[in-house]
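What follows is a set of notes on a single structure, which appears directly below.
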Amino acid sequence: MVGAYTLYDLIIPNIDYDIKMRFVSVEYLDGLLERTSKACVSAGNKGREILNLAMKEAVIEGYVNVNPVPETRPYKRKKPNIVILSREKIKILF
């Protein structure tokens, strides 16, 4: 579900123009991910993950020779704030 949202609501609307798969470059993908990352904090990271999956399939199917996504700028994921509850607070939950 998150993947579909990322693809259909973040990546596809930010594609400026149709480009053939063999002409996709690191610079093109960096620009696309930069526009995508403005939507929310995790959009750049998730967008890069989805594009990597798509480009891996493109390599397998023979549309491109090399996957350019690993060479794009990485977007760091924000670490979650984990709180360990005491036994008293756990009892309150039940």
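We did not get these values from a lab; they are worked out from the coordinates using the rules stated. Model, not experiment: these values are computed from the prediction. Positions of Cβ are generated from backbone atoms using ideal geometry, with glycine treated the same way; all protein chains shown enter the neighbour counts.
Simple rule: put +1 on each Lys or Arg Cβ and -1 on each Asp or Glu Cβ in region 2-93, find the dipole, and look at 26, 2, 15; the Cα lying farthest toward the positive end is 2. Calculated mean residue ellipticity, 222 nm, the chain: -13500 deg cm²/dmol, from DSSP H runs (n ≥ 4) at -39500 (n - 2.57) each, averaged per residue and rounded to 500. Peptides 27-37, 13-23, 63-73, ordered by how many other C-beta atoms sit within 10 Å of their residues on average, highest first, read 27-37, 63-73, 13-23. Relative to the longest principal axis of the Cα atoms of the chain, the long axis of helix 43-61 makes an angle of roughly 50 degrees. Computed 3J(HN,Hα) for region 7-16, one whole-Hz value per residue from the Karplus formula 6.51 cos²θ - 1.76 cosθ + 1.60 where θ = phi - 60°, is 5, 7, 9, 10, 6, 4, x, 8, 6, 5, glycine and proline marked x. Angle of helix 26-37 to the longest C-alpha principal axis of the chain, folded into 0 to 90 degrees and rounded to 10: 40°. In the chain, Rg over Rh equals 1.19, where Rg is the alpha-carbon radius of gyration and Rh the Kirkwood radius from pairwise Cα distances.
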